[in-house]
Every structure is written in C-alpha cells, then in structure tokens.
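Chemist: I'd like to ask you about the structure that follows.
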Amino acid sequence: MTEEKRAGAPAGRSAPARSAGRALTPVTLGEVHAPKVERLRTGIGEFDRVLGGGVVPGSLVLIGGAPGIGKSTLTTAALANLAAAGRKVLYISGEESAAQVKLRAERLGPHALGVPIVADTDLDAVLATLEAERPDVCVVDSVQVLYDPALTGAPGSVSQVREVAGRLMRLAKERGIATLLVGHVTKEGSLAGPRVLEHLVDCVLSFEGERERTYRTLRALKNRFGSTNEVGVFEMHEEGLVEVEDASARFVTEATRAPGSVVLCAMEGSRPLLVEVQALVAPSEIVPPRRVANGVDRNRLALVLAVLARHGGFSLGSADVFVSVAGGVRVDEPGADLAIALALASASKGISIDVDKPLAAFGELGLTGELRHVAHADRRVAEARKFGLERIVHPGQRAGTLRQALAVLNGSTEKGAAAGGGTASAQAA
Ligand code: TYD
Ligand code: MG
C-alpha cells in the first residue's frame, strides 16, 4: 500500500466547469476523415512486422520485458536505422548514462552512434526537450525511472508511472511524436508500471526469452494498428540482436532424434513456425510428482497428461514429467497438445519416433481423447514439408483420436536399433 496525495484540482476546472457543455455533432464512420498515415519502418523486419508494418506516427508503444532481455538494444538499433533513413530521432535514457548507452551503441555498429541522446529522469525536462526537438520517433528508457517532481510517489510507483505516461502521450498525440516506452516487468509479470499503462498506450509489446538463452521473442499483446498474433524471433549476439527470419529452419536442424522429441507445427500469428517439443519422463521419489512446463502452459500439460492416462494408456502418475519447447520459445495454442502428448508417450516408452527425420505433429486434444482440428492446417503441413519433414501427425480421416495418433510409436524402432521405421499409420495429409 502506498499513500497517494490527491493532486490539487487545476484552477478553473472545479465548480464553474459544470456549466452546460457544447453539443457535438455525430458523423457516420464513413464520413470520418482518416488520412492515410505512412508508417515509419524501423528497418528491423521482425520488429516492423510485430508493430503491424512499422511505427505509426504519434503512437505510443510500450515495450515490456524482464531486465537484461534486450529492450535497450532493440530500441537503440531501431532508432539507428530510422536516423540513417533520415528520420529525426531521440533517445531519452533515464536508466543509463549517455556513456553507457554509447558503449552499447558501439557494439551495434557505426550508424548507431548517430543517434542523439539525452540522459535525464526529470519529466518536465524531458517534455521540454521533446517539445524543442520534435523528433519523429523517440525512445523513453525506461518509463519507470522518469518522475514528476510535483507528485509525491517515488519513481516507478503507480501514480508516477501513470502520470509520466499520460503526459508523454498527450505530447506524442499533439506533436505527432511516435514514442517507444520501455518498461520493466518482473518474472511475475507485474511491478507497478507497465500493467497500469496497458489501456493507455496504442501497442503493448512483450519481449520475452530467457536471459541465459540466445533466442528472444517479441510479441504484441495489444495493437491498435495491427494484429496481436505476430511474433518476431531474435537472437542475441555479440554485436546486437539479430533477426531470425527463418526460425523454423533453425529449430528443425537443432531438433534431436532422441526419444521424447517431436517437432510441433505451431502458428505464430500469420506465420507457421516449427519448434521442437521435448519431454522427459523419469521415476519420481516425491508425491505429488513434478510437473515442469517450459514454453507451454502448465494447465495444458495437465490436460494432456490426463487425456494420455485416460485415453492413451499412459499413466504417468508416479513419474516426474518435464516438457519444454527448445530454444526458449513459448507456444500458447491448443494446437500444441498432440505434439506434447506424442513427445511424452515417446519419452515414457523410450522410443524415438523417427530416426531419419523428426516427426512433426499438431492438433488439439479433446477431453474425450479425440483430436480436434486447429486453424491453418494446410499452412502448417506446408511448412513441415518445406523442411523435409514427411511424417506429420495431425487431425484427419486417419487420425481421429489420440489412440490412433499414438500408433506412430508402434511403427518406430526401439531406441538404438537400426533405422527404417514404417510409415505413420496416423499420417493423414
Ligand atoms: P539490454 O538491451 O541492456 O537489456 P534491457 O534494456 O532489456 O535491460 O541488453 C541485455 C543484454 O544483452 C546485456 O546483458 C548484454 C547483452 N548484449 C549482447 O549480448 N550483445 C550486444 O550487442 C548487446 C548490445 C548486448
Ligand atoms: Mg535497458
């Protein structure tokens, strides 16, 4: 609980403001004049795609993510490209000194050094600077460290963050300054801050990944100017964030052929993405046994385990179960169920599903053990074929239930045995 002082009502807005308002004239939506805005491309393809084709002038974009994930790196690189393309940009750093930002920019290449920067945390100074400079695009890194001296709360408190974002928004709309707000989110996803801003800003992007891993995903949680299904995949390198344009290729080559590995044909927004789902089933000494899910929803895993036990003949009640999506990617769709189930079944039997090429799968599991269709089946199949995965298990005429799908395990060879497993009886493309 933090105490908030009520801001004094601005003069002239109290009692007399109750006089009759001016009536407005409604117009039909068809008559509304909506000029076509040209988006500002950041030159980072994955970033632009998640934004819906680039930054909309005058819009407010919140980029949330855990500390160290690469928010400053991404926004600096975006400004560098915009500056190189002749746009006026400004980097407002409240967290790091200009010298620290310079050190980062040096790693990003020579054009990043062309980005103008101010380092300050006083909101009034920042607003005055924006008013004077009028950049096309600015980055505020981070919204939690700016503070309004007129308010009592500490920087980062709800009242401060709300005020900072509110005033930045008014200026952004008035002057057409596209503003990228950087916000920290803790592992638990909260901290006073980004969450209270979500309704205020035009776009909320979430930058995710594990700091120890190199893959990062950027997804839109809210986007007034585009789809919220888009996901950008990046990799953190020595010289900055690198876009992973062909993420599927990457994940498929890395996929192992060991028991417990299945390639999932997922859809990430408008794009199919192949990721490797890995499962490990080990005897447990604790009650209740462990259920660890990385990159997939825990509740989904619980459901898959229950359906496997009831309708697939795999009771894993006395085993620790670990499921993880390789590469640190997170998959949030019911279409992952079948791949998780197959990976678990294969792990628990110690059978590799295929030896030459990984097996691909997608489909939702119903509670009665049936396989349910998921959207974009044709595109998922096409993506798997593109990478040479011929065996694809998915809902269809020949695989209507989980039990039928699990038959692929029987056509496979025991672990360590020679290659040559038969064709999947459940294949139904
Ligand atoms: P940073 O952008 O500072 O993260 P955030 O602003 O989200 O807190 O960068 C995070 C990490 O990335 C940092 O630990 C160093 C690493 N990094 C690289 O590996 N390569 C690079 O080129 C840069 C700039 C950073
Ligand atoms: Mg930072």
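Chemist: Once the Cα atoms of helix 98-108 and of the chain are each reduced to a long axis, what angle between those two axes, in degrees from 0 to 90 to the nearest 10, is obtained?
Modeler: 40
Chemist: Right, next: Exposure proxy check: Thr217, Thr76 ranked by fewest other beta carbons within 10 Å? Numbers along the way, then the final one.
Modeler: On the way: Thr217 22, Thr76 25.
Lowest count first: Thr217, Thr76.
Chemist: Given all pairs of different Cα atoms, what value in angstroms does the Kirkwood hydrodynamic radius of region 18-87 take? List each step's numbers first, then the result.
Modeler: Values: mean 1/r = 0.0656 Å⁻¹.
Over region 18-87, the inverse of the mean reciprocal pair distance is 15.3 Å.
Chemist: May I ask you to list the residues of region 310-338 whose amide nitrogen lies under 16 Å from a point 7 Å from Cα along the Cα→beta-carbon direction of Glu285?
Modeler: Residues 319-321 qualify, since their backbone N sits under 16 Å from the label point.
Chemist: Here's another thing I want to ask about it. Modelled label-to-label distance, Arg213 and Arg403, 7 Å Cα→beta-carbon offset: nm?
Modeler: 3.5
Chemist: Could you tell me how many degrees, from 0 to 90 and to the nearest 10, lie between the Cα long axis of helix 298-311 and the main elongation axis, the longest principal axis, of the Cα atoms of the chain?
Modeler: The angle comes out at about 20 degrees.
Chemist: Moving on. Please work out the FRET efficiency for the pair Glu243 and Glu131, using the Cβ-Cβ distance as r and a Förster radius of 30 Å; give the result to the nearest 0.05.
Modeler: On the way: r = 34 Å, r/R0 = 1.14.
Computed FRET efficiency for Glu243 and Glu131 comes out at 0.30.
Chemist: Further question: Rounded to the nearest 500, what is the 222 nm mean residue ellipticity of the chain from helices alone, with -39500 (n - 2.57) per DSSP H run of 4+ residues and division by all residues?
Modeler: On the way: 11 runs with 115 residues, N = 429.
Value at 222 nm, helices only, nearest 500: -8000 deg cm²/dmol.
Chemist: Label the chain by shape, choosing from rounded, prolate and oblate, from the square roots a ≥ b ≥ c of the eigenvalues of the Cα gyration tensor; if a/c is under 1.5 it is rounded, and otherwise prolate applies when a/b is larger than b/c, oblate when it is not.
Modeler: Working: a/c = 2.19, a/b = 2.04, b/c = 1.08.
Verdict is prolate for the chain.
Chemist: Would you work out if region 16-161 is rounded, prolate or oblate? Take a ≥ b ≥ c from the square roots of the eigenvalues of the alpha-carbon gyration tensor; rounded if a/c is under 1.5, else prolate when a/b is larger than b/c, oblate otherwise.
Modeler: Working: a/c = 2.18, a/b = 1.29, b/c = 1.69.
Here region 16-161 falls in the oblate category.
Chemist: Work out how much length Leu200 to Thr368 would gain on full extension: take 0.36 nm times their residue separation and subtract the Cα-Cα distance, in nm to one decimal.
Modeler: On the way: separation 168, 0.36 × 168 = 60.48 nm, distance 4.25 nm.
Difference between extended and current length: 56.2 nm.
Chemist: GNM on the chain, C-alpha springs below 10 Å: top fluctuator among Ala119, Ala20, Ala85?
Modeler: Ala20
Chemist: What span do the alpha-carbon atoms of region 105-247 cover on each of the three principal axes, reported in whole Å from largest to smallest?
Modeler: Reported extents, whole Å, longest axis first: 48, 36, 29.
Chemist: Give the angle, between 0 and 90 degrees and rounded to the nearest 10, that separates the Cα long axis of helix 123-133 from the longest principal axis of the Cα atoms of the chain.
Modeler: Relative to the chain, helix 123-133 is tipped by roughly 80 degrees.
Chemist: A further question follows. Could you list log10 I(q)/I(0) for region 282-411 at q = 0.14, 0.18, 0.19, 0.20 Å⁻¹, which the Debye formula gives when each Cα is one point scatterer?
Modeler: -0.60, -1.01, -1.13, -1.26
Chemist: Just the number, please: percent antiparallel of the DSSP beta bridges in the chain, rounded to the nearest 5.
Modeler: Numbers: 37 of 70 bridges.
Antiparallel bridges make up about 55 percent of those DSSP assigns within the chain.
Chemist: Could you work out which residue, out of Glu230, Glu46, Glu38, moves most in a Gaussian network model of the chain, that is, has the largest mean-square fluctuation with Cα springs under 10 Å?
Modeler: Largest GNM mean-square fluctuation: Glu38.
Chemist: Using only Cα atoms, figure out Rg for region 113-153 and give it as a multiple of 2.2 N^0.38 Å.
Modeler: Numbers: Rg = 11.2 Å, N = 41, 2.2 N^0.38 = 9.0 Å.
In units of the globular-protein estimate, region 113-153 measures up at 1.24.
Chemist: Shifting gears a bit: Specify the residue with the greatest mean-square fluctuation among Val287, Val201, Val182, computed from a Gaussian network of the chain linking alpha-carbon atoms under 10 Å apart.
Modeler: For the chain, modelled as a Gaussian network with Cα springs under 10 Å, the answer is Val287.
Chemist: For region 276-330, what is the convex hull volume of the alpha-carbon atoms per residue, in Å³? Walk me through the numbers on the way to the answer.
Modeler: Details: hull volume 4.2 nm³, N = 55.
Spread over its residues, the Cα hull of region 276-330 gives 76 Å³ apiece.
Read the figures in this text as sums done on the coordinates, not as results from a lab. Keep in mind it's a predicted model, so treat the numbers as computed, not measured. Don't worry about glycine lacking a Cβ; one is built from the backbone with ideal geometry, like all the others, and counts go over all protein chains shown.
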